[in-house]
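See structure below.
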Amino acid sequence: MDSYDWRLLAALQQNGRLTNQEVGAAIGLSASQVSRRRTRLEETGVIKGYAARLDNKAVGLDVLAFIHVNLRAHDAKSLRLFQQLVSSDAAIQEAHSVSGDADYLLKVVASNLEDLSTFVTNTLLISDTIAHVKSYIVLKQMKHTIELPTHR
């Protein structure tokens, strides 16, 4: 990847709806050059897709929480069941295997605290694979971005 690719990625992260002509004008390339580069970046998986970013509060998801999860066992079956649980629930926005006191860190959205409590009780704590959960409710979001650094 060269500097044009990085600038193309930066432009698209800021506005994925830009046309090749608009991107080209912003980074100093023709629309056809942008098209070829964009296609290559999509085909190689650098650009994974395009989507609308929704405001969680505007769609009624007022609670954001991070939940530490510890599994009872770390055998293949337990890991597979936990992966299925994580993949099947839309409230779980992100799931990460982490070092430290927890096995996993989940990012979860809910309509309100009661719904979050119901999720923890009826989804996580009833799972035979999960031994312990610890929830952290976000009081104020200081920064939120999905854009990756492109200044190389």
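Annotations for the structure displayed:
- Selection of trypsin sites (Lys or Arg not before Pro), the stretch 52-116, meeting DSSP coil and at most 15 other Cβ within 10 Å: 53, 57, 72
- The stretch 3-43, relative contact order [Cα under 8 Å, separation at least 6], %: 34 percent
- Our helix-only sum for the chain, with -39,500 (n - 2.57) per DSSP H run of n ≥ 4 divided by its residues, gives a mean residue ellipticity at 222 nm of -10500 deg cm²/dmol.
- Nearest-ten-degree value, helix 3-14 long axis tilted from longest Cα axis of the chain: 60 degrees
- Between residue 90 and residue 117, the modelled label-to-label distance comes to 2.4 nm, taking each label 7 Å out from Cα in the direction of the beta carbon.
- Most mobile of 94, 114, 43 in a GNM of the chain (Cα contacts under 10 Å): 43
- Scaled against the 2.2 N^0.38 Å expected of a compact globular protein of N residues, the Cα radius of gyration of the stretch 3-43 reads 0.96.
- Mean separation of Cα contacts under 8 Å (6+ apart) over length of the stretch 10-152, as relative contact order %: 27 percent
- Listed values [x] 60, 32, 11; [y] 27, 19, 16; [z] 38, 19, 13, entry calculated as semi-axes √(5λ) of the Cα gyration tensor in Å: [z]
- Among the listed pairs 57/107; 107/140; 57/140; 57/134, those whose Cα-Cα separation exceeds 19 Å are 57/134.
- Charge context of residue 23, other residues only, Cβ under 13 angstrom, K/R +1, D/E -1: +3
- Inter-probe distance in nm under a simple model that places probes 7 Å from Cα toward Cβ, at residue 139 and residue 83: 3.8 nm
Readers should treat all values here as calculations from the given coordinates under stated rules, not as data from a laboratory. Source: prediction; values computed, not measured. All Cβ positions, glycine included, derive from the backbone under ideal geometry; neighbour counts span all protein chains shown.
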